[in-house]
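Below is one structure, written out as structure tokens; the observations come after it.
The values are calculated or read from the model by the stated rules, or taken from the named source; none is laboratory data. Only a predicted model underlies this, so the values are computations on that prediction, with no experimental measurement involved. When we count neighbours, we look across all protein chains shown, and the Cβ atoms used for this are built from the backbone with ideal geometry, even at glycine. Remember, those area values only see protein heavy atoms, side chains included, never the ligands or the DNA or RNA. Shrake-Rupley method; radii C 1.70, N 1.55, O 1.52, S 1.80 Å.
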Amino acid sequence: MNLRKEIWQDVEYGQVVNHIEINERDPEKRANAKYVSVEHLKTLDLRIKGVASEEQPTFSRTFKKGQILFAKRRAYQKKVAIADFDGICSPHLWALETNGELLQELLPFIMQRDAFYEYVNANSAGTMSTYLKWPALSKYQFKLPPHDEQGEILSLFLAIEKQIIQTGEQGKNLTSLREKLTNQLVCLGARFGNLLNADNCTPVTLGDIAKESRENTKSPLEEGIERFVGLEHIEPGNLKIQGWGNVADGTTFTKTFKIGDVLFGRRRAYLKKAACADFNGICSGDITVLRANTGYILAELLPYYLSADSVFEYAVSNSAGSLSPRAKWRDLSKYELTLPDSKSQEKILELFQLLDLHIDKNKDQRESLNRLKHKLLDEILG
């Protein structure tokens with residue numbers, strides 16, 4: 001790619017990009033519209049990830065297919081998406097459109113650069129819920145290539161983005177396969193290919209194969225515990241903890257967990273959050289800490305049992321509370337299933353671990369492609 005950066009023009013964002021503010025008031029059109037909120041955009045993912053299940057009365061701003069949606073509230077979350085349908089969006093989203101000097105499809109890639117978010121973060125107002133205003137964003141400066149070079153750059157990044165999407169779809173398929181196998185395994189009439197039959201399975205309850213740990217600590221740092229986990233650190237469908245907080249920064253959590261324990265999200269169990277701990281720590285009271293009863297089940301197999309859809313459905317049906325329902329272990333422990341013998345468990349675990357290996361490799365590939373994209377964004381557009 002032969003770029004003539006010496007002729008690139010210095011422009012301000014507001015010179016080449018407009019934020020479109022058109023409101024929809026027609027009741028019939030609103031009733032049939034698709035509504036998009038900030039929660040339907042995912043960090044560094046250029047696709048809209050869903051729509052609201054019902055009409056949102058406080059939303060009125062329209063967007064059109066091809067426009068760019070940008071979350072101006074808590075903009076540090078880096079939520080930018082290309083609209084692939086017409087709809088109505090939250091007032092915390094901007095619908096953006098270039099004036100022709102900048103290719104519309106290139107705009108979201110410019111907005112994924114680290115330099116863009118350094119500017120955005122420095123110019124957002126507020127403390128608890130920072131907010132970016134258009135006069136501030138409109139002053140963001142960047143180098144604008146001529147149209148022919150914009151087309152070359154766009155072709156490169158579209159090719160990388162296509163590969164990222166394809167890799168992501170492969171990852172989803174692998175995860176769906178694991179969920180399907182788990183759901184077939186965790187029930188009274190368990191199925192798992194030719195590995196299970198009436199002779200090698202025994203009826204049990206969750207209370208037989210797992211025990212709740214209620215251990216607490218008042219001085220985690222003195223006990224060498226440095227990390228804490230909240231529900232926000234557990235991702236649905238992912239059996240690994242996705243993040244943590246530092247105890248030294250302060251926390252009210254006191255419940256402890258150990259390596260190998262399963263952290264089960266008992267609050268709003270319909271979110272389907274369960275993960276296996278790979279470090280010692282403390283966690284939120286909205287998480288039930290479960291430890292395998294190794295007299296019944298292989299410890300490494302327990303996370304798969306506790307992440308089955310039927311287990312979450314049972315937890316939801318036995319939760320108490322209206323605004324924030326919670327499931328208790330004394331109720332969840334009564335869930336009935338069939339458990340294979342130890343030799344069959346070993347074979348099943350081997351298959352799950354092989355599947356997880358492919359899931360991890362796929363995730364590494366996606367992360368590598370994203371790193372490549374952002375490195376090229378800085379090198380080419382910087």
Defining a contact as two alpha carbons under 8 Å apart and six or more residues distant in sequence, what relative contact order in percent does the stretch 244-306 show? 36
Mind checking which of ASN370, VAL247, LEU195 is farthest towards the positive end of the chain's charge dipole, using Cβ charges of +1 (Lys, Arg) and -1 (Asp, Glu) about the Cα centre? VAL247
State the Cα centre-to-centre distance between the stretch 38-55 and the stretch 125-185 in whole Å. 12
Give, as a single signed number, the net charge of other residues whose beta carbon lies under 13 Å from the beta carbon of ASP249, with Lys and Arg counted +1 and Asp and Glu -1. 0
Distance from the Cα centre of the stretch 201-244 to that of the stretch 75-110, in angstrom? 39
Charge tally in the Cβ shell below 9 Å around GLY171, where Lys, Arg are +1 and Asp, Glu are -1, GLY171 excluded: +2
Alpha carbon convex hull of the stretch 248-320, volume per residue in cubic angstrom: 102
Identify all aspartates and glutamates with a Cα-Cα distance to LYS375 below 14 Å; exclude those on the same chain that are fewer than 8 residues away in sequence. ASP114, GLU161, GLU367
Based only on Cα atoms, what mean projected area does the convex hull of the stretch 149-268 have, in nm²? 13.2
What order do you get for 259-265, 41-47, 240-246 when each peptide is scored by the mean count of other beta carbon atoms within 10 Å, highest first? 259-265, 41-47, 240-246
Net charge contributed by nearby residues that have their C-beta within less than 12 Å of ILE110 (K/R +1, D/E -1): -1
For the stretch 1-41, the percent of accessible surface on carbon and sulfur atoms (probe 1.4 angstrom, ligands and nucleic acids excluded) is 41
Per residue, how much accessible surface does the stretch 285-382 expose to a 1.4 Å probe? Answer in Å², no decimals. 51
Heavy-atom accessible area per residue, the stretch 134-226, 1.4 Å probe: how many Å²? 56
Packing-based ranking, highest mean first, of 228-237, 131-140 given that Cβ atoms within 10 Å are counted: 228-237, 131-140
For semi-axes √(5λ) of the Cα gyration tensor in Å, the listed values are [x] 31, 24, 19; [y] 39, 23, 21; [z] 45, 23, 22; which was obtained by calculation from the structure presented? [z]
